[in-house]
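A short write-up of the structure that comes next.
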Amino acid sequence: MRIGDTEINISDSTVTIEGESASGIRQSGRALRAEISLRDDAILEVGYTTWVNGERDVRVFSRLSGPEMYDRLVKGVRMGVLSKSPGLLMAELRILSFHKDKQPTMIKAQESDFNTILGEQVRNTLSNFNISAFGTRAELIGDTSNRKGLLAATFGEENSSAPFAIYTITRVLPLLKGFGHVGVVPVGQG
């Protein structure tokens, strides 16, 4: 599957891994692997893991080739995938942004930021991957917490392409395109 300047090849099988889930618990899990190839000759090995305790996340396992900047994805910024009701999962759509004086981090995004990164409407891109709904957490799940304004997407539990697509849109492409660098894509003004 293609998204912007990337090609994602998802494996047909899962592998057992040992690691630390987002809650900090060391455990085993089953990971569906994919390779994400980028226009700058980078190839990333990415996993969508379901941990023994039921947590889910997407993370880069390794940078197989390409610029060292992609090591930022290996060393952090995994994407949590939350269960919201039986058979329905949700992921937040924050965006990886460069900063003047620190490494790239995840920040709150506007829909226009993703439209700029993709060169098309993010809603159209997400619909190609069977995303059930896209909007704020308040709109999707009635969230009233301080996270209610964050963008998110919901998808069916059987949808294995959606987590890889969302990860690519929110982390890989912004890193490739230099989101947040002065003169590249102004943060919050995409």
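Across 41, 101, 113, mean-square fluctuation computed from a Gaussian network of the chain (C-alpha pairs under 10 Å connected) peaks at 101. The packing ranking of peptides 60-70, 20-30, highest mean first, is 60-70, 20-30, where packing means the average number of other beta carbon atoms within 10 angstrom of each residue.
With K and R counted +1 and D and E -1, the other residues having a Cβ less than 11 Å from that of residue 118 yield a net charge of -2. The residue 64 and residue 108 beta-carbon pair, evaluated with R₀ = 45 Å, returns a calculated FRET efficiency of approximately 0.90.
Which shape class applies to the stretch 144-185: rounded if a/c is under 1.5, otherwise prolate when a/b exceeds b/c and oblate if not, where a ≥ b ≥ c are the square roots of the Cα gyration tensor eigenvalues? Mind dumping the intermediate values first?
Values: a/c = 4.86, a/b = 1.36, b/c = 3.57.
Oblate.
Rounded, prolate or oblate: which fits the chain when a ≥ b ≥ c are the square roots of the eigenvalues of the alpha-carbon gyration tensor, with rounded for a/c under 1.5 and prolate only if a/b beats b/c?
rounded
Using the 10 angstrom Cβ neighbour count as an exposure proxy, how do 129, 114 rank, fewest first? It would help to have the intermediate numbers written out before the result.
Numbers: 129 21, 114 25.
So the ranking, lowest neighbour count to highest, is 129, 114.
Using only the Cα atoms of the stretch 102-151, build the gyration tensor, take square roots of its eigenvalues as a ≥ b ≥ c, and label the shape rounded, prolate or oblate: rounded if a/c is under 1.5, else prolate if a/b is larger than b/c, else oblate. Here the stretch 102-151 falls in the oblate category. From its DSSP helices (H runs of at least four residues, each -39,500 (n - 2.57)), the chain gives a residue-normalised ellipticity at 222 nm of -4000 deg cm²/dmol. Taking Cβ atoms as reference points and 11 Å as the exclusive limit, the residues near residue 96 contribute a net charge of +3, counting Lys and Arg as +1 and Asp and Glu as -1. Between residue 139 and residue 23, the simple label model (points 7 Å from Cα in the Cβ direction) yields a spacing of 3.1 nm. Descending by average beta-carbon neighbour count within 10 Å, the peptides 161-172, 44-55 line up as 161-172, 44-55, the highest first. For the chain, relative contact order (Cα pairs under 8 Å, six or more residues apart, normalised by length) works out to 19 percent.
If you take all other residues with their beta carbon under 14 Å from the beta carbon of residue 12, and give Lys and Arg +1 and Asp and Glu -1, the sum is +1.
Since every read-out is calculated from the coordinates, none of them should be taken as a lab result. Predicted model, so just to flag it, every value in this text is computed and none were measured. Because the Cβ atoms are built from the backbone with ideal geometry, glycine has one as well, and the counts that use them run over all protein chains shown.
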